[in-house]
Structures are given as structure tokens and as C-alpha cells.
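The values are calculated or read from the model by the stated rules, or taken from the named source; none is laboratory data. Since the model is a prediction, treat every value here as computed from it, not as a measurement. So basically every Cβ, Gly included, is an ideal-geometry build from the backbone, and we count neighbours across all protein chains shown.
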Amino acid sequence: YETEMRMETLRRTPTGPGRKLGNGAELVPRENRFGTFEMEIVSVDHPDSIRSGEPLAITLGYHAPKRIDSPVFVVSITREDGTVCLDTNTLLSRTEVPDLIGEGKLRFLLDRLDLAAGQYFLDVGVFENEWKHAYDYHWHAHPFTVNGAPNHKGLVAPPSRWEMVG
């Protein structure tokens with residue numbers, strides 16, 4: 001179903017001019033922005049930099065000119081090489097999203113972000129409630145840096161310690 005949804009989203013994505021973001025990046029339809037735009041993500045508020053182990057809050061501002069039935073919001077964190085570190089959505093987390101119309105905001109809260117130091121992207125989106133297509137999806141348009149955790153290699157840097165025993 002994911003391949004079909006991607007193909008349907010691409011088919012429905014209009015061409016047109018890009019839109020500048022607050023971070024200086026540009027959202028360009030069919031390059032790093034996909035969807036029908038019947039509902040749009042109009043803002044993505046997140047820190048530019050965070051220390052490993054700190055909480056992370058991501059606030060999505062949306063605009064729906066017409067009523068949208070219980071859309072599904074998505075947040076993914078990926079590395080520069082495309083490795084997916086986190087992929088979650090309101091359906092998986094059993095967060096009830098009502099029918100939406102007009103302007104509003106939704107916040108995703110992560111109690112602690114235990115990623116290794118490095119450069120990452122937030123990919124965010126809002127989808128039709130049966131995953132038929134995206135209304136708006138931003139791919140690799142929201143970069144951020146994770147600092148700290150120099151004593152770890154790999155993808156995650158959870159709290160840890162060594163102890164001598166015996």
C-alpha cells in the first residue's frame with residue numbers, strides 16, 4: 001500500500017513555484033514537497049540544535065480551507081544518508097485527531113532524543129485518513145543538529161554506564 005500511496009501522491013502533486021521557509025530552505029513541489037495541498041503544513045517549529053538526551057518538541061501549524069476528515073499527521077527523523085531513525089504518526093500513537101477546518105497547531109513531544117551526534121532532518125506530513133495520499137509532505141526540508149554523546153558510535157546514544165563487577 002505504501003508504494004501505491006506514494007504513486008498516488010506524486011500523481012496528485014501539482015507543479016508550481018516553491019515557498020521559502022524560515023530556515024532559508026525552499027519547499028518545491030515534486031522535489032521536497034508532495035501532496036494535493038488540500039490541507040497544508042504552514043509552519044514547522046523545532047530547535048535548530050539539541051543535545052542528545054534532551055526532550056524534543058515539534059509544533060506543526062496547519063491550514064485546511066475545507067473540512068478534512070480525521071487526517072493523520074506524521075513525523076520522521078532521518079540522517080543525511082537517508083537512514084530512518086524515527087517514523088511515527090498520530091494513528092500509530094492512537095492520538096485521536098478530529099475533523100479539521102481552518103488554522104491550527106499540533107505538537108509532537110519526545111521525552112528524550114537519544115540520537116548520536118550528527119546532522120538530521122525532520123520529515124513531516126499530513127495524510128488522508130486511509131493513507132490513500134498525502135495532503136502535504138515535507139521531505140528533508142527541516143534540518144537540525146544533535147550535539148553531545150561523543151562516547152558513542154552508531155545511531156543511538158541512550159544513557160549508559162560501565163560498572164566493574166565481582
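Are any of the residues in region 121-133 more than 16 Å from the chain's Cα centre (by Cα) and more than 26 Å from THR9 (Cβ to Cβ)? No: zero hits. Answer with yes or no whether ARG67 is outside any loop (DSSP other than H, G, I, E, B), in contact (Cβ under 8 Å) with a residue 24 or more places away in the chain and farther than 20 Å from ASP45 by Cα. In short, yes. Only one entry of ARG19, ARG11, ARG67, ARG51 meets the criterion of being closer than 16 Å to VAL146 by Cα, of a type in the set (Lys, Arg) and either loosely packed, with under 11 Cβ neighbours inside 10 Å or out of contact with any Ser or Thr (no Cβ under 8 Å at 6 or more places or on another chain) (or both), and that entry is ARG51.
For region 1-43, filtering for residues that are under 20 Å from GLU128 (Cβ atoms), among the aliphatic types (A, V, I, L, M) and either modelled with pLDDT of 90 or more or touching a helix residue (DSSP H, G or I) at 6+ places or on another chain (Cβ under 6 Å) (or both) leaves 4. Residues in region 102-116 that are touching a Leu at 6+ places or on another chain (Cβ under 8 Å) and loosely packed, with under 11 Cβ neighbours inside 10 Å were compared, and the one that is nearest to GLU54 (Cα to Cα) is LEU109. The set of residues from region 29-49 being β-branched (Val, Ile, Thr) and part of a strand (DSSP E or B) comprises ILE41, VAL42, VAL44.
One line per residue, one yes/no per condition, for (1) buried (at least 19 other Cβ atoms within 10 Å of the Cβ); (2) modelled with pLDDT of 90 or more; (3) touching a Gly at 6+ places or on another chain (Cβ under 8 Å):
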site	(1), (2), (3)
VAL75	yes, yes, no
ASP81	no, no, no
LEU122	yes, yes, no
HIS138	yes, yes, yes
VAL165	no, yes, no
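Selection within region 1-24: residues that are of a type in the set (Lys, Arg) and in contact with a Phe, Trp or Tyr (Cβ under 9 Å, 6 or more places away or on another chain). The member of this set that is nearest to GLU40 (Cα to Cα) is ARG12.
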